[in-house]
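Data first, discussion second: the structure below is written as structure tokens.
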Amino acid sequence: MKKLLFITILSTSLILGQGISITMTPVPFTSGDELYALAKISPNGKYALITQKGFSRIELVEIPTKASQLITKETPGAGWGMRWNPSSDRFIFKVNETGGGNTKSVSLFEYILGSTSQKLATLDPASNNLSFYSIKGNGISTEGKDGELSIIRQSESQNDVSFYISNGKVILNDRSGSLGSGVSEQIKLIENVLFAEWSPSGKKLAIHSAGKGIYIFDFESGKEFNFPKTEYPSWINDNYFSYMITEDDGYRLLNSDIVVSKFDGTESGIVTNDFDTPAKYPSASQDGTILFTGTDNKIYIMKVDFRNN
């Protein structure tokens, strides 16, 4: 049960914005006794990748029908770092393997909807192994040996931007300079980066920095916005994104809620205010669908809409 004091305090500053409405309150997306860690919804809102507690199994679920397909089973690390292509027709995931003499190998796979998984590369086991699609989705990059850029697949699109995370910083590979002068250097100033995600158009970037919250970079206006004490950003559209805001005692999670906000902070609201237990790890799609994990390790689904968007 959430602590009422926590919700009351947040509600004084995070009243549901006039442009944000909840069109479907949270209901269970998964059923049965399975325990899940998190879900990743496709940008078009048609599919979900869900991974069991322990991140060793990936299921692909068609959201309208709940038809499920097992992608991996008993594959360590497969569910951590799953990423959808912007076109929602494929996703990448990594698999950790331990060989003789405690040697470790990491492989990157791509699954194309309607096809099968294909191994793309063997990754450097000493790197962070977080792999990312480029803004336009043609390229794939990751951190390579000694923190250098490792291009898994070169983008064929003009003015595309690739990126990766190394030593707690986001490193952009903006060969054409399409984001503007000095942008790469500005973004590199953000330290302790755990996660980064582009808006659907690629005109905004959300960066989660441990201890600093979420930074939003708007490349059209050149402005930067900070949302302190927030985590795990997931874009809904170019104007709104979801995230989680938490409270802990240094050891245990005490409370957590999902918030939807305009990128500049002018509108925001707790969308799980009436959800009885802490809500974690939101994943949003462009039709306003949000999946999140409850503390009971079930996946829940809800939906929001925007009157002023």
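The values are calculated or read from the model by the stated rules, or taken from the named source; none is laboratory data. Since the structure is predicted, the reported quantities are computational estimates derived from the model, not experimental observations. Counting neighbours? That spans all protein chains shown, and the Cβs are built from the backbone with ideal geometry, glycine included.
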* To do: Considering every residue within the stretch 153-160, establish whether at least one is modelled with pLDDT of 95 or more and closer than 24 Å to S242 by Cβ.
  => no
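Can you say whether K280 is within 20 Å of I214 (Cα to Cα), crowded, with 18+ Cβ neighbours inside 10 Å and touching a residue at least 24 places away in the same chain (Cβ under 8 Å), as far as the supplied structure shows?
Criteria met by K280.
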* Structure fact -> Taking first residues from the stretch 154-168 that are among the aliphatic types (A, V, I, L, M) and second residues anywhere that are not in a loop (DSSP other than H, G, I, E, B), the pairs with Cβ under 7 Å that are 6 or more apart or on different chains are V161/L172; V161/N173; I165/E143; I165/V193; I165/A196
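Does the stretch 215-267 hold any residues that are on the phi > 0 side of the Ramachandran plot and not basic (K, R), and which are they? So that I can check it myself, show each step before the final result.
In the first step, residues of the stretch 215-267 are kept if they are on the phi > 0 side of the Ramachandran plot; the result is 222, 229, 232, 250, 265.
Matches in the stretch 215-267: G222, Y232, G250, G265.
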* Quick one: which strands (runs of 3 or more DSSP E) lie wholly within the stretch 69-150 and hold at least 3 residues that are under 20 Å from the mean Cα position of the chain (by Cα) and over 18 Å from A48 (Cα atoms)? => 140-143
* **Hits in the stretch 32-68 - residues which are without any contact (Cβ under 8 Å) to a residue 12 or more places away in the chain, in a loop (DSSP other than H, G, I, E, B) and of a type outside the set (D, E, K, R)** => G32, T65, A67
* Quick one: V95 ticks every box in (1) without any contact (Cβ under 8 Å) to a residue 24 or more places away in the chain; (2) buried (at least 18 other Cβ atoms within 10 Å of the Cβ); (3) over 15 Å from L130 (Cβ atoms) except a single one, so which number is it? => (3)
* Structure fact -> Exactly one of K188, K229, K223 is closer than 17 Å to V259 by Cα and at pLDDT below 95, and that one is K229
* To do: Those residues that are assigned to a loop (DSSP other than H, G, I, E, B) and either buried (at least 19 other Cβ atoms within 10 Å of the Cβ) or touching a Gly at 6+ places or on another chain (Cβ under 9 Å) (or both), I need them from the stretch 283-297; list them, please.
  => S285, Q286, D287, G288
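Being modelled with pLDDT of 95 or more, farther than 23 Å from K46 by Cβ and touching an Asp or Glu at 6+ places or on another chain (Cβ under 9 Å) narrows it down to one of S261, S256, so name that one. Break it down stepwise before answering.
Values: S256 fails: modelled with pLDDT of 95 or more.
One residue alone meets the criteria, S261.
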* Asked: So, in the stretch 175-218, of the ones that are part of a loop (DSSP other than H, G, I, E, B), among the hydrophobic types (A, V, I, L, M, F, W, C) and under 20 Å from the mean Cα position of the chain (by Cα), which residue ends up surrounded by the most Cβ atoms within 10 Å (Cβ to Cβ)?
  -> I190
* Go through L49, L60, L38, L108 for me and flag whichever is aliphatic (A, V, I, L, M), at pLDDT 90 or above and farther than 25 Å from Q286 by Cβ. => L108
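I need the full set of residues from the stretch 233-261 which are part of a loop (DSSP other than H, G, I, E, B) and under 20 Å from the mean Cα position of the chain (by Cα), in order please.
I236, N237, D238, N239
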* Asked: Right, T266: crowded, with 22+ Cβ neighbours inside 10 Å and assigned to a loop (DSSP other than H, G, I, E, B) or not?
  -> no
* Close pairs from the stretch 239-257: first farther than 26 Å from K223 by Cβ and touching a residue at least 60 places away in the same chain (Cβ under 8 Å), partner part of a loop (DSSP other than H, G, I, E, B) and of a type in the set (K, R), Cβ under 7 Å, at least 6 apart -> L254/K3; N255/K2; N255/K3
* Index of the failed condition, K303 passing every other in (1) at pLDDT 95 or above; (2) of a type outside the set (F, W, Y); (3) surrounded by 23 or more Cβ atoms within 10 Å (Cβ to Cβ) -> (3)
* **Counted residues, the stretch 162-193 - those being among the aliphatic types (A, V, I, L, M) and within 23 Å of K119 (Cα to Cα)** => 1
* Before we move on, is T272 surrounded by 23 or more Cβ atoms within 10 Å (Cβ to Cβ), touching a residue at least 24 places away in the same chain (Cβ under 8 Å) and assigned to a loop (DSSP other than H, G, I, E, B)? -> yes
* Structure fact -> Among residues of the stretch 151-174 being among the hydroxyl-bearing types (S, T, Y) and in a strand (DSSP E or B), the residue surrounded by the fewest Cβ atoms within 10 Å (Cβ to Cβ) is S166
